[in-house]
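Computed from the coordinates by the stated procedures, all read-outs in this text should not be read as laboratory data. These figures come from a predicted structure and were not determined experimentally. Neighbour counts run over all protein chains shown; Cβ positions are idealised from the backbone, glycine included.
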Amino acid sequence: MNIFRILGDVSHLLAIIILLVKIHRSKSCAGISGKSQILFALVFTTRYLDLFTTFISLYNTVMKVIFLICAYITVYMIYVKFRKTFDSENDSFRLEFLLVPVTGLSFLENHSFTPLEILWTFSIYLESVAILPQLFMISKTGEAETITTHYLFFLGLYRALYIANWVWRYHTEKFYDQIAVVSGVVQTIFYCDFFYLYVTKVLKGKKLSLP
Amino acid sequence: EKKSFKHDEL
């Protein structure tokens, strides 16, 4: 466990909590893609099945359980509790365009051809593209609430920190998981455009709006 | 040969 990994996990947790707090306080999930949140719930569900088979550490188990619970609460808030505020009109990304290739790829390129391992691989590939419905929604409406951009910033920061974590692990323990690293880099690239807007607009006190 | 990985990250 290194500093990048810890900070990455903290950023990830912070992003999820920011989103939950935003929905809870404003009693609205306007501007949030329910589809991205369903994908994240699916990512955690398929990845953390090893909760039943492998014990890594107390930290690992607790974080997994927290992520799972938060993901399902978020989906519940969007589709049940604050359903009326959900902008389904603009959440129109076609999920099959992500799910079909990701499923196919996880069968083709994995560490071993076993159900748990294929599901783990599926979750890694799916996570790398799960934010796309959210980014699509922002590009469609042309704007995002500032708190939503903070959510995206911490989610992107988590990915960037994980890359630093892998560089560190490669040099210190020769650890290198190609599937996770390649997917993680792809995922981080999706945030680059957003990072640029975040730094040039949101951090200067302006609202994120696209021309 | 494909190695079995221990997935210790989140």
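Note on segment A:143-168 and segment A:46-119: Cα centroid distance 18 Å, given to the nearest whole angstrom.
Measuring nothing but how far apart in sequence close Cα pairs (under 8 Å, 6+ apart) lie, relative to its length, chain A scores a relative contact order of 32 percent. Per-residue 3J(HN,Hα) values for segment A:97-109, derived from phi via the Karplus relation 6.51 cos²θ - 1.76 cosθ + 1.60 with θ = phi - 60°, read 5, 9, 5, 5, x, 5, 4, x, 5, 5, 7, 7, 10 Hz in sequence order (x marks Gly and Pro). Peptides A:186-199, A:51-64, A:150-163, A:7-20 ranked from most to least packed, by the mean per-residue count of other Cβ atoms within 10 Å: A:150-163, A:7-20, A:186-199, A:51-64.
Count the lysine pairs in segment A:71-211 that are 8 or more places apart or on different chains: how many have C-alpha atoms under 26 angstrom apart?
The result is 7.
Diffusion coefficient of chain A by Stokes-Einstein, Kirkwood radius over Cα pairs, 20 °C, 1.002 mPa s: 120 µm²/s.
Straight-line cross-link reach from A:Lys35 at under 17 Å between alpha-carbon atoms covers these aspartates and glutamates, not counting any fewer than eight positions away in the same chain: A:Asp87, A:Glu89, A:Asp91, A:Glu96, A:Glu127. Taken about its Cα centre, the protein assembly as shown carries a charge dipole of roughly 700 debye when the Cβ of each Lys and Arg holds +1 and the Cβ of each Asp and Glu holds -1.
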